[in-house]
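All remarks here apply to the structure that follows.
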Amino acid sequence: MGTTLNPPISPTERVAVDGAFKVPSVRNVELTGPYFHNGGKATLEQVVDFYSRGGDFHEANIDNLDPRIENLALSATEKTNLVAFLKSLTDDRVRLSKAPFDHPQLVIPNGPTLPAVGKDGGAASQPFAATLAP
């Protein structure tokens, strides 16, 4: 449950919300790229690197950051393990559009028509970065 503020807040009171965003679940996160509100990161590896270093410009913005945002300095092995864990949260039924995640034909205005996918699924969904040209 969130903290209840007792207004009015003093003009000098620190609220430390710069850079704060509400985030979605990490279920099936492997298939939900690009990541962040602006699509700034294409891969989970880039996301983990970002959080490991405490965000971009951590030291330059230190006066406005929540004190809980810190440079984690994760090792290469820790980063690899964290990405593997995040990928393990992907449900193969979602990846393959199998029941109960199958769908009828979907007509997208100003876009492609997605063919119907039955209960047995279809082609595997790919992470965003896999769709980028080499």
Review point. In region 42-64, what count of residues is obtained for those that are of a type outside the set (Asp, Glu), modelled with pLDDT under 80 and either under 20 Å from the mean Cα position of the chain (by Cα) or part of a helix (DSSP H, G or I) (or both)?
Key: 4
Check your understanding: Hey, among Val23, Val94, Val107, Val15, which residue is within 18 Å of the chain's Cα centre (by Cα), among the β-branched types (Val, Ile, Thr), exposed (fewer than 12 other Cβ atoms within 10 Å of the Cβ) and more than 20 Å from Leu132 (Cβ to Cβ)?
Key -> Val23
**Study point:** Selection within region 86-133 - under 19 Å from Leu44 (Cβ atoms) and in a loop (DSSP other than H, G, I, E, B)
**Key:** Leu89, Thr90, Asp91, Ala124, Ser125, Gln126, Pro127, Leu132
Check your understanding: Given (1) under 30 Å from Lys119 (Cβ atoms); (2) free of Cβ contacts under 8 Å to residues at least 40 places away in the same chain; (3) surrounded by 15 or more Cβ atoms within 10 Å (Cβ to Cβ), where does Val83 come up short, assuming only one miss?
Key -> (1)
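The values are calculated or read from the model by the stated rules, or taken from the named source; none is laboratory data. Keep in mind that this is a model prediction, so the values were computed, not measured. Glycine gets a Cβ as well: all are built from the backbone with ideal geometry, and neighbour counts include every protein chain shown.
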